[in-house]
Structure formats: structure tokens, C-alpha cells
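Taking it in order: structure first as C-alpha cells, then the write-up.
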Amino acid sequence: MYRDNYIKALRSEMLEMVAEQLTPVALRYGYSDVPLETTIKWRPQVLVLGSYSSGKSTLINDFLGLKVQATGQAPTDDSFTVITYDDSLPADAPPQVTETRDGKYLLNDSEYPFESLKKHGQRFAAHFRLKKVNAPFLKNLAIIDTPGMLDSITERDRGYDYQEVIGDLAQIVDLVLVLFDPHKAGTVREAHTSLRETLPSRTFEDRVLFVLNRIDECASMIDLLRVYGTLCWNLSQITGRKDIPMIHLTYAQQEAEAQKESRDLSYLRYLENQREELKKAVQQAPTYRLDNLASFVETHGQRLAHLLEALIAYRKKTRRFSAKGFLTALVYGILAGGGAIGLTFVVPPLMGTDIYLKAAIGGGTALLFLGLWATFLRHLFYKRFHRKTIKQIDSLTPLFNQTRRDSWEAVRDIVTKHLQNTGGRFSLREVRREHANIAALYQEGSKEIREALRELANLSEDEEAALGLNRVQAAIAGPAQTPPDPATNA
Ligand SMILES: Nc1nc2c(ncn2[C@@H]2O[C@H](COP(=O)(O)OP(=O)(O)OP(=O)(O)O)[C@@H](O)[C@H]2O)c(=O)[nH]1
Ligand SMILES: [Mg+2]
């Protein structure tokens, strides 16, 4: 109970952090159209991916203890189904589907985190739905069943971009199960690529569980080893890593039972069906959610800080440019004045004038030149400078490592747009203040959150409740010191 409360409190503190500190800045600069917390405020979610007929729906039905999803040998289900808990029935009511809602409702109700998927259009909306079930398995999480992956030629007939939808969902959810089956161990490549592109690389490996399902359909132990080997090889090609991620080996007990008579399944004796283990891992989704939230704060904090840093760098550059421009104008003004005085000594009608008039002519010419610069030339040069800086926008920020390059990639166009829209005129003080807040949040705040999460994993329940929360509350109360202005490095 302590643990649950602790997780809940930690979660709401982090949401508050996002809503109060990141969202206002994200909305102001066009970093996001909707409040950032929209996608993370709902319950923890698990996304189930895999090729068609790999047993996704059967596995989900097993978890729920109820046949909620249709199953079948051919590609059976071409919809995304969010399955969530309904607590409106008495605790002893038998598990059942209590409500079904269509995609339109789901995409337009701000209670759910799916508003950002509206962009995938009508065809997608027609293949998206929600089911409420009173199965205890769903008490702390929702699970999303997906249409099976087909080969890429058939994919094009769907009428919406399947890879994009998977990518967007993967960003919202906390845990992704990728199911393979012995017949089609190689076809998940495309989904995996889009996952890799959309999940922050740091948490990618932790948030994906690989499952080799339907292992009861292998002809023998040797056949299973062959399939397992192929899958490992494919995964290492996809992840670019030599170490093999953990692969859960599972099968549906009832399906295996049904085949017992007709086939020799004796090799299964040597294998543990890891379904229960997988179920337990899936039920850890609320903990993954905390980790996901911490990454969310870090990633968006870092990107927003980078955005503001570039704006500060722009203003500093402008200031240097203006100072240089003024000095140059001054020098030219003095030269023009000097030139005018020189002329009074050689141009006949002025040759006889006294020294005061000569000085007045020189001073007047210098002032005239400065006036011309202030009213006309300065703006002309500034416009040129502004256009050139926007063209060479990368010069506003040092990109010394991959993280910097990634975050710049995410905000580069937003910075350009902001500079274009404002003509480079915005309050430097305001941007500096926002930058200091956000940099402190992602440097200090997220460190504290990570520490609290580590302690959550290590401590006994009582201690967790007492110590961890204090840490997080301290983190949220604000950082101890204002971080240095990173634009000085620029
Ligand atoms: N032998 C065996 N059959 C299975 C297993 N899991 C599922 N099946 C069967 O395989 C077929 C496909 O299962 P589904 O659960 O519908 O697969 P799916 O991944 O949801 O398929 P789509 O929704 O069409 O993408 C069904 O006929 C299931 O009964 C398993 O572990 N072993
Ligand atoms: Mg299915």
C-alpha cells in the first residue's frame, strides 16, 4: 500500500512539474500545441506489437482471464484497441466487457491521452476503439492491442501511416511488448526501426520486452533453437548491439493442450513457459511509468532549455553586432567629419572661414552621418544580419555531443520560426529567467527524481514512503542554485 501511495504521489508531483514549469514555455514558443502533460496524465499503458497472428490478442485474453479480443489464424483484427479498467461494478461481479467506445470519442476526449493521434485521420479513427473491462489485471494499467504487422506492400492499403501511429503510441506508453512467432521471426524490423527512432535511446532497451510466442509450434527442440538463433541474429542487426536482449519464450497453454494428441510436444518439458513471468513484468508498468515520466521531464526540459539557450545566444549576437555597428558608424562619422574639415581647407569658398566654422562643419557632417546610420543604415544592416543569422541558425549553438545534436534537431525549426515571427525582438530578461528555471528543473530536479526512483527500488516499503517522497518534494520545491548561463559557451 505504501508503495502504491508512494508511486502515486511521485507521479502527481512530476505531472505538476511538467504542467507548471514546462508546459507554459512549451506553449509560448510553439514547441507543443497541447499542454505537455496531455500524453502522460492518464494511467500507465502497455502496447502489444507483433506480426499478424503472433498471438497478441490470445496473450491479452490470457492476462485478462476473459475473451475480450477476437482471435484467429488469418490476420484477424485490423484495429487498435485500448483496453482499460472499469471499476463501476461490484468487486465480486464476473469479469466482462462493460463498455465499448469508438475512435472518434477516444480521440476527442481530453480525459484520454490520444488527442495527438487525431492527425492520423478518419481511417485511423475508424480503426481505433476503447473497451472497458472489470478484470483485476487492469487495475493499475491499460493495455493496447494492435493490428498485426503485415508485409510492407500490404501495409500501404491501410489508409493511414501504420508506422507513424505505432511510433506515436510508443511515445505515450510505458512498456512495449513485441511478439514474434516461429513462422515470421523476421517481419518486425520496420516496427522496431520506428520504435528506435521515437523512443529516447536511453530508455529504449528498458521499455521493450521481446517475446518469442507460440513456441509449442516448433517441430522439435532443435527447430526451436534454430528459430531462437535467427531471432537473436535479427534483433542484434536491428538494435546494432552484440548483446542479446532477454527474450521471453511463451505459448498459450490451452493451444498446446489442443495439439497434444496430434503432435509430439515432449520437448516443451525442458522449457519453462514464461507467460506468468511475462504477466508479472507487464504488471510493473506503473513503475516503468515513473521512469518514463522522469525521462519525459529530462528530454523536454533539455530541449526547451536548448531552445531558450539559442534565443539568448541570438540576442547576445545581436548585441555584439549592434555595438560593432555603432563603433563602425562612429569611426566613419569621425572620418566623414575630418574629411569635411579637410575640405574646408581646399575648397575655395570655405578656405577663408574661421576655425569655429570649420569645426562646426566637421561636427555637423559627423552628426549627419550618425543620424543617417541611426535612422536608416542601422535597420538595413540589422535586417541583413537577422536574415543571415536565420540562414546559419546552427551557428547559434555548440553541438558538442549527440545529445546536443538530438535536442537541437528537435527545436531547430521552432527557434527559426520564433525568430522569424518576432523579427528577433523579444525580452532577453524574460528568456533568461525561463531558461534558468528550466535548466535547473532538468539538471537538479530530474537528478533528484532519479535518486528517488533508485531508492524506491532499493528501500523497504516503510522507508520508501518516508524518505523518497521528501527527496522529491525537495526537488520540486526548487533547485539550490541557479545554473550558469550556458549561452556564455555559445
Ligand atoms: N499453437 C499456438 N497457437 C496460438 C498461440 N497463441 C495464439 N495462437 C493461435 O494463433 C492464432 C492467432 O492468434 P491471435 O491471438 O489472434 O493473434 P494476433 O497476433 O492477435 O493476430 P492479429 O490480430 O490478426 O494480428 C489464433 O488462432 C490463436 O488461437 C500459441 O501460443 N500456440
Ligand atoms: Mg489480434
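The values are calculated or read from the model by the stated rules, or taken from the named source; none is laboratory data. Given the structure is predicted, the values throughout are model-derived calculations rather than measurements. Please note: Cβ atoms are built from the backbone with ideal geometry, for glycine as well, and neighbour counts cover all protein chains shown. Heads up: the accessible areas ignore ligands, DNA and RNA and are worked out on the full protein's heavy atoms, side chains in. Shrake-Rupley method; radii C 1.70, N 1.55, O 1.52, S 1.80 Å.
Between residue 385 and residue 266, the simple label model (points 7 Å from Cα in the Cβ direction) yields a spacing of 8.6 nm.
If you plug the beta carbon distance of residue 327 and residue 409 into 1/(1 + (r/R0)^6) with R0 = 45 Å, you get a FRET efficiency near 0.75.
Loop-located chymotrypsin sites (Phe, Trp or Tyr not before Pro) across the range 340-408 with a Cβ neighbour count of 11 or fewer within 10 Å are 400, with loop assigned by DSSP.
For the range 311-356, dividing the convex hull volume of the Cα atoms by the residue count gives 63 Å³ per residue.
Using a cut-off of under 12 Å, list every residue of the range 364-378 whose amide N is near the label point 7 Å from the Cα of residue 350 along the Cα-to-beta-carbon line. Once the point is set 7 Å along Cα→Cβ of residue 350, 364-366 turn out to lie under 12 Å by backbone N, inside the range 364-378. How much of the calculated P(r) for the chain lies past 40 Å, in percent of all Cα pairs? The answer is 39 percent, as a whole percent. Only Cα sites of the range 208-266 enter the Debye sum here, all with the same form factor; the resulting log10 I(q)/I(0) across q = 0.24 1/Å is -0.97, listed in q order.
Calculated [222 nm] ellipticity per residue, helices only, for the chain: -17000 deg cm²/dmol; basis is -39500 (n - 2.57) per DSSP H run with n ≥ 4, divided by all residues, nearest 500. Amide H contacts of residue 128: 80, 103, each under 5 Å away and 5 or more positions distant or on a separate chain (H built 1.01 Å from N in the peptide plane; Pro and chain starts excluded). Under conditions of 25 °C and 0.890 mPa s, the range 42-283 yields 132 µm² s⁻¹ as its translational diffusion coefficient, taking Rh as the Kirkwood radius over Cα pairs in the Stokes-Einstein equation.
Taking all Cα pairs closer than 8 Å and separated by 6 or more residues, the relative contact order of the range 42-283 comes to 23 percent. Modelled spin labels at residue 320 and residue 425, positioned 7 Å past Cα toward Cβ, are 2.4 nm from each other. The range 27-93 gives an Rg/Rh value of 1.12, both radii derived from C-alpha positions and Rh following Kirkwood.
For the chain, what does the accessible surface come to per residue with a 1.4 Å probe? Please give it in Å².
On a per-residue basis, 50 Å².
Based on Cα contacts under 8 Å between residues 6+ apart, the chain shows a relative contact order of 17 percent. Among the protein heavy atoms of the chain, carbon and sulfur supply 55% of the accessible surface, probe 1.4 Å, non-protein parts ignored.
With Cα atoms as the point set, the radius of gyration and Dmax of the range 366-437 evaluate to 16.1, 51 Å.
Taken over the range 293-445, the ratio of Cα radius of gyration to 2.2 N^0.38 Å equals 1.58. Rounded to the nearest 0.05, the FRET efficiency derived from the C-beta distance between residue 4 and residue 276 at R0 = 22 Å is 0.50. Within the chain, the selection of entire DSSP H helices by a Cα span of 24 Å or greater along the long axis and an average Kyte-Doolittle value of at least -0.5 returns 221-239, 285-346, 355-372. Beta-bridge orientation, the chain: approximately 25 percent antiparallel, per DSSP, counting only bridges with both partners inside.
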